[in-house]
Amino acid sequence: MSAVSRRAFLSTGVRWSACLPAAMLTVQSGLVAAATPVFAGNRPRQPRVYTRSDWKADPPRSKAEVLDHAPDRLVVHHTATANTGPTDLDAAFRLSRTIQRYHMKHNGWEDIGEQFTVSRGGYVMEGRNRSLPAVESGKHVMGAQAADHNDHTLGIETEGTYTSSLPPDRQLSALTALLAWLCDVYALDPHEAIIGHRDLNRTACPGDRLYAYLPRLRDDVARRLGGHGAGRDEPPPPRLALPGDPEQRPVLIGDLPLEHGPAVGPHDLSR
């Protein structure tokens, strides 16, 4: 179903999941179930997203690949950087430029890896090139943020290190607004779609405290979508890491900033 027709159904308040056949997504040798679509009566507004032009991104080495389908998971990361320092808009722009330089020069990638970044000051920035237009058209830009899952997941960098503390309120509010808009555009159930990086790869990202907060975050997003599913007494979404990942234990990456775990794997098509 096209993005336009999904939005048309959204405006009617009718669930279209009953109109679709069950879908499964094959990743390596395992199967990952597609997230269940959800529709809301009161649609969230698109938050202010500062574009690459706003934060003066360097040109990418190549145009990002736009896939003709929606992502089925929205992956929350932390940047593994300090929880101190300026939180104004200029600081948010510097953060995006720093991440891009690191990803391109240190990691050798074509561009910044994630699709969106949320600063500690509560500013939302577009990440990988073509990300914002892709979302607005119901499509998906291939990023570099969750190894071997980049073709079906969208990544959000949350500035800071959240192993022992939570993000500040304004950052959580911006993250919630961004996730609500993405769930609405892509017709995703937040209780299934919103996951942490450690659900996919062996890493401590997005930190123990932020990871433990994800159930509350899913409920808050659901309320913004009209209350669908808020406060459900159901198990958390299944962990989606590739078959063979030893015991799914989170692994600390060390003290290097911007290193939060596996972002590109041998089965990813681009970097």
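The values are calculated or read from the model by the stated rules, or taken from the named source; none is laboratory data. Remember, it's a predicted structure, so these values are computed and weren't measured experimentally. Because the Cβ atoms are built from the backbone with ideal geometry, glycine has one as well, and the counts that use them run over all protein chains shown.
Can you go through S96, S53, S11, S62 and tell me which one is at pLDDT 50 or above and assigned to a helix (DSSP H, G or I)?
Working: S53 fails: assigned to a helix (DSSP H, G or I); S11 fails: at pLDDT 50 or above; S62 fails: assigned to a helix (DSSP H, G or I).
Residue meeting the stated conditions: S96.
What about R170, is it over 29 Å from P86 (Cα atoms), over 15 Å from the mean Cα position of the chain (by Cα) and touching a residue at least 24 places away in the same chain (Cβ under 8 Å)? Please lay out each step first, then the result.
On the way: over 29 Å from P86 (Cα atoms): no; over 15 Å from the mean Cα position of the chain (by Cα): yes; touching a residue at least 24 places away in the same chain (Cβ under 8 Å): yes.
So R170 fails the test.
Suppose the filter is part of a helix (DSSP H, G or I) and buried (at least 22 other Cβ atoms within 10 Å of the Cβ); does R198 pass it?
In short, yes.
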Hits in the stretch 98-126 (condition: in contact (Cβ under 8 Å) with a residue 60 or more places away in the chain and under 23 Å from L172 (Cα atoms)): T98, I99, G113, F116, V118, Y123, V124, M125, E126
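Each row is one residue, and each column tells you yes or no for (1) at pLDDT below 95; (2) among the aliphatic types (A, V, I, L, M).
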{"site": "L182", "(1), (2)": "no, yes"}
{"site": "H191", "(1), (2)": "no, no"}
{"site": "A212", "(1), (2)": "no, yes"}
{"site": "P215", "(1), (2)": "no, no"}
{"site": "D220", "(1), (2)": "no, no"}
{"site": "G229", "(1), (2)": "yes, no"}
Of all residues in the stretch 209-221 being free of Cβ contacts under 8 Å to residues at least 60 places away in the same chain and aliphatic (A, V, I, L, M), the one that is surrounded by the most Cβ atoms within 10 Å (Cβ to Cβ): V221
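Every residue, every condition in (1) out of contact with any Pro (no Cβ under 9 Å at 6 or more places or on another chain); (2) farther than 14 Å from L95 by Cβ, yes or no:
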| position | (1), (2) |
| --- | --- |
| D111 | no, yes |
| E126 | yes, no |
| G143 | yes, yes |
| A146 | no, yes |
| H149 | yes, yes |
| T158 | no, no |
| D169 | yes, yes |
| S173 | yes, yes |
| L182 | no, yes |
Conditions (1) in contact with a strand residue (DSSP E or B) (Cβ under 8 Å, 6 or more places away or on another chain); (2) over 20 Å from Q145 (Cα atoms): number failed by A187: (1)
Matching residues in the stretch 49-73 - criterion: being over 17 Å from W109 (Cβ atoms), crowded, with 21+ Cβ neighbours inside 10 Å and of a type in the set (K, R): R73
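Mind telling me which of the residues A146, A180 ends up being in a loop (DSSP other than H, G, I, E, B), in contact (Cβ under 8 Å) with a residue 60 or more places away in the chain and within 16 Å of I195 (Cα to Cα)? Steps first, answer last, please.
Working: A180 fails: in a loop (DSSP other than H, G, I, E, B).
Going through A146, A180 in turn, just one is in a loop (DSSP other than H, G, I, E, B), in contact (Cβ under 8 Å) with a residue 60 or more places away in the chain and within 16 Å of I195 (Cα to Cα): A146.
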Among residues of the stretch 102-152, those that are at pLDDT 95 or above, hydroxyl-bearing (S, T, Y) and surrounded by fewer than 24 Cβ atoms within 10 Å (Cβ to Cβ), counted: 1
Filtered residue count, the stretch 41-64, keeping only those that are touching a strand residue (DSSP E or B) at 6+ places or on another chain (Cβ under 7 Å) and not β-branched (V, I, T): 6
Check on L95, surrounded by 23 or more Cβ atoms within 10 Å (Cβ to Cβ), in contact (Cβ under 8 Å) with a residue 24 or more places away in the chain and touching a helix residue (DSSP H, G or I) at 6+ places or on another chain (Cβ under 8 Å): no
